[in-house]
Every structure is written in C-alpha cells, then in structure tokens.
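The values are calculated or read from the model by the stated rules, or taken from the named source; none is laboratory data. Predicted model, so just to flag it, every value in this text is computed and none were measured. Glycine also receives a Cβ, built like all others from the backbone with ideal geometry; neighbour counts cover every protein chain displayed. Side chains included, ligands, DNA and RNA excluded: accessible areas come from the protein's heavy atoms. Shrake-Rupley method; radii C 1.70, N 1.55, O 1.52, S 1.80 Å.
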Amino acid sequence: MMEGVSKIFGGIVDVVDVNIRSTLGSLDEHQTLWEEPQHEIEAYFAKLTALLGSAETRDRGLIALSHFVCRCPLEILEERLQYWVNVCAKICNQRGQSASIPLACDVLTQLVLKSVESAELGKLMIGNLSKILDSITSVVDPSNHSSILEFLKTAMLKYPGPSGPSKNRIEQYLYSLIDTEDPMVLDLVGSCLHLLQQIKGGGQHGNLHKKTWEEYHCQLVDTIHDFLGKIFAHTPESFDVDDNLECLKLPKMIVNDEPVISAQKVATRVSNLIVCLEKAIVEPYPVAKPVKPMKILNVIFRGHAVSCRAMARNSIQDNLALGLFLPNIQKQLLKLLDSLVLTLKSNLLLFGNLITDLFDQCLKTTLTVEAKGRKKSFVALRIKVYESIGIWCETVNFASDIQSISDSLMEHIIQDVTPYEPKVTLQVNASGQKLSAKARKKLQKQQNAATSLAKTHSSDSASDSKLAHGDCGNETLCLAALNCLSKAFEAAGCFIKPVLHKILQEKIVSICFSVFTDLNTGTRLNLYCEPSCRAALLSAMNSLIVNPHHHCPSPLQYGIAVFNIAQTQDSNSDVRAKASDLARSCELLIHPRREVFYFPIDENAVRDMLAAKKKHPLNANSSNTSTEVNDQISIQFKSNERQEDEQSPVKDLAGSAEDEPVARVEEVTLTDEKSSPQVYELCDDENAGELQKSVADKTHESQVIRIDSDESEIEIVTSTQASAPPVENSKETESVAFSDDEVAQTPSSSQITPSKCLSQAPLASNRKRESLPAKEDTNGEKRPKTAECDDDVDARVNDLVAEFVDE
C-alpha cells in the first residue's frame, strides 16, 4: 500500500485530458483514500459535488461519483443524496445533452443499491423515486436506452412497491422498445417486463402475483400466435388455434410497401416476444409460477409445423419474404424450448414423445442432400437442433426417449461429421484396336452415358467444375453434431440398437484414423482443421467406448491407439491434453482400481469402546469366577445347533438319550488346578473302549492328548513341573482340542483341533454312567461336592472318547 496517493485526488478529477476512468481504477487499487480522516473524505465528496454544478465539469464529476459512491460513508450520503438526485433528474429532463444521461443513470443506479443499507436513505429514495421514473422514461434517444433500462430493473427489484404508481408509464416505455434489434436492450426489456408484474402488492399468499403472472404469460403466448398467423397467412397449416386471443397492447407496426422490410419487422417482433416469454419462464419470481407447458409447446410446434419449402410452394413476394426469416424464428422457438426444459425438467416427461418427434422433424426439414463439397443450408438452425437435443438428454438423462429417433438422428449425425472426399471416375478402354480421335471421343461419350457415376460427374457444368470443393463453413455444424452424439450416448447409449453401434463405431474409427494419421503429411481434411472439431471427435470416440451395448463390444483398442496418436502428434495443446485425459480414462477401464473404503478412526471413540468392554457384565462375571476356588473341571462345548450355557460349569448328564441335542464338538476346555494328574490309556484290544486311569505322585501342569485315527489310540502325555501358584486369570486354563496330525503345546494349555469334527451322539442305553460315591481323603473327611463334579466330568469324557473310538 502506497502512502500519500490520495493527496493527488484533486489533480485526478480536475485534469481534462486525462482518462479519468483508468486513473480512478489505479487509485482504487491502493485503497488509501478510505483510510483518511473523516473530514478529508468529506472534502473529497465536496469536491465531486462542486464538479456537478458546472456543465463543463459535470461529466467528470458524474464518472467519479458513480465510481466512489458505493464506498461512500452513510453520514455523507444522507447529507448529499437529495442534491445528487436532483442534479441527475435535471440532466435527464434536459434532452439536449444526451451524452450525460447514461452517466446520470449510472449514478442513480448506484444510489439505489446503496440506499437499501440505511432506513433513512431508503425513505429519501422512495420519496424521489416517482420523480426519477417520470424523468427517465421520457428519454427517446436510442443510445440511452441501455442505461435507463438498467436503472429501471434495479429500482423495480429493490423497491417494487413504491414503483407501483408508475406502472403504466413504465409499461408504455417498455412496449415502445419491443421492436429493438439490440440484444442487450432486448434482454433488459424482457427482464423489466417480467419485474413489472410484481411491482404491486401480492395479496394474500401471493395470489395477486400468481394471477398477474399467469395473465402476462397467456397474453404473450396469444400475441405470438397472432403474429404466426400473419406469417402463415398464405401457407396452408394443419394447426388449430383459438380465435379469441388476448394479446398485449403493443404499439401498431408501421406498414411498409417493401415486402422484405415488412417481413423483417414482423419477424423481429415475433423473435423479441419469444425472448420476453423466455425471460418470464427462467427468471425468479416471488411466488410459484403457474406455468402451462402445453400452451407454450403449442407455440413451438406451430412455429415448426411449416417449413421454408412449404412456404416456397406459394411463390408470392410476401410469402417468400416471410420464409426468408422463418429459420430465425424457429431457432428462437428452440431456445424457448430449452428454457422450458431447464425450468420444468422431469415435469415435461409427459410430453417427451412430442419433443423428440419435433427434433426429428426439424432435422428432416433442414436436410440438404446435394450439398457435398460446399456449405450446407440451414446450418444455424441445425446447430440449434443439435444443441436442444443435447440439453434434453442432459436434463432428463435415461428418460429422454432419444432411442425412438436414433435411426434418423444417427443418419443425420453421420452426414454432418463425414468430411468431403472428391470422387475420381476411372474409365478403362477395353478395345485393343487403335481408334481415331473422333472414334475415341464417340466411345467415351457412350461409356459416360452408360455409367451412372460418370454421368453424374459429367453432367456438372464447366463453371461448377472450376469451383474449389471443400467443407469450409461446416465446421460449427460438425462440432454441434459430435457434441450431440456424445450426449445422446451418455443418456441412452445402452438403449440404442447394436446395429447402430456397429455402424457408428466403424464410421467414427475410420474418421479418427484418417484425421489423426494425416496430421504431419500436409493433407489435413478441411472439416477437422479446427482444433475444437478434433477434440469433439475424440470425445465422441470416448462416448462409444464408455457407453457400449451389451451385444456390441466397445472399440477400446482402436480408441487407445487413436488417443496415443493424438496426444503425441497433434499440433494443438488443448487437443493433446484432451487425448491424454481420455487415454488415462481408458487405462482405468483396462486396469480398474480396487474399491477402497477409508473410515478415519477416532481415538476417543476407541478408548470409550475399550472401557465399556471392560465394564461389561459378562467380563465382570468371568473375572469373578476366575478368582474363586476352582476345584472343578469345566467343559465347554461349542456346537452349530445349540450353544451350552457358559454360566453352568457342569452340564447335567442324567437326561435320557432322546433329550440330548446332536451337535459337533469343536473345542473341549479342561480346567484343572488342584486335582491330581490323570493319564488315559486306550488299547486296541478286546478291552477297547475302557479307559484306565492312574494318578501320579507329582503335580503335573500341562497335558497333551494325541489321537491316532488310524490305530484308534489316544495317549495323554504329561510334563512334570513344579507346582504353580493359584491361577488368577481365567485365560490361564488348560485347553484341550483334538487334531489328527499335529500337537500344539503351550506352557499353560494344549490344544488339538480335529480334522473331522466329533459328533455328540446320544449315549447308548447299555452305556450307563457309574455313580461314584463320595470318597474320603487321608484325614477321613468326605470329599466336597466339587469332587463329585470331577467324577461326573470324568465319566462324560470317558463316554466321548469311547464314542470317538467306536466311530
């Protein structure tokens, strides 16, 4: 930031020869003016106010004021707003100095935008709004219309209610500009006419706004119908229109004796009314708009029901003159259709078949078959048809029903994207005898007459043969057709016939190779000289790849070859970048990435989860039971059909064989802390099925069971260790699992997993458990209840081992 720049403010606004707009823009870059004290800023605006008092310096003062008023402090603005408004209104009333009127309107527009920031400023602006509107609507100079309409748009948008008393005056001023040919003025006229419908009160729930907009919308449609009737007055049409039309009160057109001038005025007014209807549909409104889509579609269908060829059948001057401007009207009607589609979207699906038929009809009526080697007819209208098809496909996607007209649509696209190739006629003289010049000439004429292809070429006049044939002027049509092809395949590629897929693939692939292989040979085709056409051709190739039919494979291999050639040999950087992006997308089709789901972990959530797990009742019960005196052996059976109760250490085995569930034993866990070590021996002899139990003198901790499935032997190997302290954790238990081929041994547990799971079959009736009486220890006391449980568990283990041996 440069200090002291604001000190030259007086020199900037006082110098006459300097470009004040450029200088003020440079001064605004430093932003040092608004850091000055309040009295200095007041002095600057006092300087600008003084410039407005003289006619010689007024323009410079208005330019500087419109530049700085948006940053003006509210205190200064409240003090000087009335004077500035009076000066601007006086300038608009003085019709002699028309150059100052746009500057005054710019200042008024900035004042309206600034006045909404303060209630006091709003009151001042509302009090002067009627006087300002009366002053500016009396200006008739065409050069001032743009700035005046900009102020009207801002005033009706910010102060719709206070603008209501001037509605009739504003409406007459806008209607007087309905025949303008300036696109900027026409856009502002359409916006102001739409805002004019809401400048009065909306009533309860906005009912008055809805009614006003509906009347305006219907009047616009009826007015367009009225002018279309005048255009098709001498041409038969099959469209029925109501005779009771409520038209807008537009100024009467001046009739001219020249048919072309009169036709141009009618076509201009119709096109401008269509633009106003488009603005009414697209631009926002305080309430929901009661749009009648069929009423608007009827206007579009009627405008396209008559073609230029139909009007040319009645070759009167008026009809020919009106037919001259018909393509412009039809193009504007297609823009209206685009606005309707973008606004209503899926609400137009009820009329989808009518819309697609309209596209097909437009392409057929604008087709020129014999336009090879020169610019085609109706290029602008055909471009607009392709654009409308693309908008329709993008908006409703798979519901576009574009496949219903895919045959004719693809035929038109192929004709518009195929470059011109001159034909060469080869003539071979079959006779070997020598002929005179006169005889050779006669023979040549006979051959040309007999060959249809040669006859076609020979029928051309000498002047036509001297013309340079090419595709100059058709590049934009080719670009629109390729874009339409890409969007149509993205919307309904899977619904288009496989035959059309194959035809398009052959055509697009051949064009791609012919275009991109001739880049460095100097024989580049005229139609694809534009880089945008080559980029669109690559996009069309990619659309055929990514949107294939399931009965027709995509041309992926050809596409990769074309993309590689284009990204290395094309002279345009945008085309090379496009080809590189498409090549990478094809690489992802060949080598797709694996799906990756990444969920970020919250450390606090994990910590809370672990804390809650420790406090869970099941974990608390397991920790409590592990600290008790465990003189019992707990057996846990995990089955697929029924899971045993974990809280019960020993399952009651007194039930009958029919009540026991059939399950698969996956793991047997034995807990033995104080009982004596046991060794189970099972011999494969006549006493098979009986277990011999021996008690060792020393304490053993770990046990391993070996099961030999071939010999049906089970051996428990015990390792002798010193007696260990009592177990404090439930995890320090002896775990026994069954396995056929490996033995796993740990310091505190041993597990063997069987390859064939054991089945918990019902016990045989002849296999009864022996009731073991309570034994006395060395001191003569009875064994506790846990010892009985141990014996019961031992019997259960015996039964399980016996069942395994039997199997």
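Remark: the Val140-Met294 segment gains 51.6 nm on full extension, using 0.36 nm per residue and subtracting the alpha carbon distance. Provide the FRET efficiency to the nearest 0.05 for the Glu421-Ser573 pair, computing r from the beta carbons and using R0 = 25 Å. Efficiency for this residue pair is about 0.30. Per residue, the solvent-accessible area of the stretch 482-614 (1.4 Å probe, heavy atoms of protein chains only, all protein chains present) comes to 59 Å². Annotation: Arg21 carries an accessible surface of approximately 130 Å², with a 1.4 Å probe and no ligand, DNA or RNA atoms counted. For the stretch 317-344, list residues with backbone N below 18 Å from a point placed 7 Å from the Cα of Asp257 toward its Cβ? Zone members listed by number: 317-318. Just add up the charged neighbours of Phe495: K/R +1, D/E -1, any other residue whose Cβ is under 13 Å from the Cβ of Phe495. Charge balance in the 13 Å sphere: -2. The local environment of Asp179, defined by Cβ-Cβ distances under 13 Å, has a net charge of +1 under the rule Lys, Arg +1 and Asp, Glu -1. Straightening the chain between Lys372 and Arg313 buys 18.8 nm, computed as 0.36 nm per residue apart minus the Cα-Cα spacing. Charged neighbours of Cys247, selected by a Cβ distance under 10 Å, balance to -2 (K, R count +1; D, E count -1). The listed residues Val255, Val562, once ranked by accessible area (1.4 Å probe) with the largest placed first, stand as Val255, Val562. Note on exposure: Lys331, Lys376, Lys131, Lys364 ranked by accessible area (1.4 Å probe, complete protein assembly) read Lys364, Lys131, Lys331, Lys376, with the most exposed listed first. With both labels modelled 7 Å from their Cα along Cα-to-Cβ, the Thr57 to Glu506 distance reads 8.2 nm. Taking the 1.4 Å solvent-accessible surface of the stretch 468-567 as the whole, the part contributed by carbon and sulfur is 58%.
Which FRET efficiency, nearest 0.05, do Leu324 and Ser22 yield, Cβ-Cβ r, R0 56 Å?
Efficiency, rounded to the nearest 0.05: 0.80.
Say R0 is 51 Å: what FRET efficiency, to the nearest 0.05, do Trp34 and Asp182 get from their beta-carbon distance? The computed FRET efficiency comes out at 0.85.
Our estimate of slack between Glu530 and Cys247, defined as 0.36 nm per intervening residue step minus the Cα-Cα distance, is 97.2 nm. Based on protein heavy atoms only, the stretch 181-294 ends up with 50 Å² per residue of surface accessible to a 1.4 Å probe.
I'd like the accessible area for Arg382, computed on protein heavy atoms only with a 1.4 Å probe and all protein chains in place. Round to 10 Å², please. Looks like 0 Å² after rounding. Note on Ser163: accessible area approximately 0 square angstrom, rounded to 10, probe 1.4 Å, nucleic acids and ligands left out. Measuring between alpha carbons in the structure, the pairs from Lys123/Lys158; Lys153/Lys289; Lys167/Lys335; Lys153/Lys211 lying more than 23 angstrom apart are Lys167/Lys335.
Largest first, the residues Asp242, Asp257, Asp106, Asp570 sort by 1.4 Å accessible area into Asp257, Asp242, Asp106, Asp570.
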